[in-house]
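*Asks:* Below is the structure I would like to discuss, written out as structure tokens.
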Amino acid sequence: MKTAPRYRRVLLKLSGESLQGEEGFGIDWAVVNRIAREIREVRRTGVQLALVIGGGNLWRGITAEGSGMDRVTADYMGMIATVMNGLALQNALENAGVPTRLQTAIEMQKIAEPFVRRRAIRHLEKGRVIIFGGGTGSPFLSTDTTASLRAAEIEADVILKATKVDGVYDSDPKKNPKARRFDRISYAEAIARRLKVMDTTAFSMCMESRIPIIVFNMFRTGNIKRAVLGQKVGTLVAE
């Protein structure tokens, strides 16, 4: 018997680093194709799916700023990197038979649609996967904030935050073997503890819009689908 998804409309947040695999930089096509296959399985559940992808595998604005580059210029270059990742994932998804649209906050008419809220929702209703590239279109804001903003705009039921670890911890589990993982944590506590899984602006926007966040390990095959189906995965951040 087919299990129905718990959520009707989902926004999946992927880091740019998740596309680089073991390469340490750039795009690992084996990883991109694996992610595309997992997204195809999620789409088959009937859920409406949108994505936001970071650009850290191609460009690190913080590093560039530390080398003397103007912050605004560095951030715009990072936005372009997210569009490059979006194009790569769009190609992999369409090769896997998944109809996909790439929308950008910065107009790039030759390669993507401009972000239009009503058009994005219509694509979702028609079963197309939407990739939001170009951040918010403004500097000084992270792709986590972009994910929170787009989730609110399309009225998503949940944000799935895909990471390298299996949830939210009270300290870095790579540095502290005694770090404690939360099964559930409130937005307010996550902000008060300065947990770095998302930035404060993103947490605050989700809290205001009452959009829950599920933080989970994306490198365990099938976790995206498990989260969509409402199975126990990672950490829930909610009221």
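*Asks:* Which pairs turn up if I take residues in region 150-164 that are at pLDDT 95 or above and among the acidic types (D, E) and look for partners that are surrounded by fewer than 23 Cβ atoms within 10 Å (Cβ to Cβ) and not in a strand (DSSP E or B) with beta carbon separation below 6 Å, at least 6 apart in sequence or on another chain?
*Replies:* The qualifying pairs are E153/R117; D157/Y7; D157/R8.
*Asks:* Only one of these conditions is not met by L124: (1) surrounded by fewer than 17 Cβ atoms within 10 Å (Cβ to Cβ); (2) farther than 23 Å from D75 by Cβ. Which number is it?
*Replies:* The one condition L124 does not meet is (1).
*Asks:* Among all residue pairs at least 6 apart or on different chains, which show Cβ distances below 6 Å where the first residue, located in region 6-29, is in a loop (DSSP other than H, G, I, E, B) and the second is modelled with pLDDT of 95 or more and among the acidic types (D, E)?
*Replies:* Y7/D157; R8/D157
*Asks:* Residues of region 151-165 being part of a loop (DSSP other than H, G, I, E, B) and either within 17 Å of L195 (Cα to Cα) or not small (G, A, S) (or both), which ones?
*Replies:* The answer is I154, E155, D157, K164, V165.
*Asks:* Another question, if that's okay. Can you say whether F203 is closer than 30 Å to A30 by Cβ, buried (at least 19 other Cβ atoms within 10 Å of the Cβ), of a type in the set (F, W, Y) and in contact with a helix residue (DSSP H, G or I) (Cβ under 7 Å, 6 or more places away or on another chain), as far as the supplied structure shows?
*Replies:* Numbers: closer than 30 Å to A30 by Cβ: no; buried (at least 19 other Cβ atoms within 10 Å of the Cβ): yes; of a type in the set (F, W, Y): yes; in contact with a helix residue (DSSP H, G or I) (Cβ under 7 Å, 6 or more places away or on another chain): yes.
So F203 does not fit the description; no.
*Asks:* So which residues in region 107-121 are surrounded by 18 or more Cβ atoms within 10 Å (Cβ to Cβ) and under 18 Å from the mean Cα position of the chain (by Cα), if there are any at all?
*Replies:* Of everything in region 107-121, those that are surrounded by 18 or more Cβ atoms within 10 Å (Cβ to Cβ) and under 18 Å from the mean Cα position of the chain (by Cα) turn out to be F115, A120.
*Asks:* Looking at region 73-106 only, could you name the residues that are surrounded by 17 or more Cβ atoms within 10 Å (Cβ to Cβ), part of a helix (DSSP H, G or I) and charged (D, E, K, R)?
*Replies:* Across region 73-106, the qualifying residue is only D75.
*Asks:* Taking into account only those residues within region 191-226 that are farther than 18 Å from S15 by Cβ, outside any loop (DSSP other than H, G, I, E, B) and not polar (S, T, N, Q), which is farthest from the chain's Cα centre (by Cα)?
*Replies:* A192
*Asks:* Still on this structure, please answer the following. G55 fails exactly one of the following numbered conditions: (1) in contact with a Gly (Cβ under 6 Å, 6 or more places away or on another chain); (2) assigned to a helix (DSSP H, G or I). What is the number of that condition?
*Replies:* Here G55 meets the rest and fails (2).
*Asks:* Something else now. Quick one: is S171 modelled with pLDDT under 95, part of a helix (DSSP H, G or I) and not hydrophobic (A, V, I, L, M, F, W, C)? Step through it out loud before you land on a result.
*Replies:* Numbers: modelled with pLDDT under 95: yes; part of a helix (DSSP H, G or I): no; not hydrophobic (A, V, I, L, M, F, W, C): yes.
The answer is no for S171.
The values are calculated or read from the model by the stated rules, or taken from the named source; none is laboratory data. This is a predicted model, so every value here is computed, not measured. With ideal geometry, Cβ positions are generated from the backbone for all residues, glycine too; neighbour counts draw on all protein chains shown.
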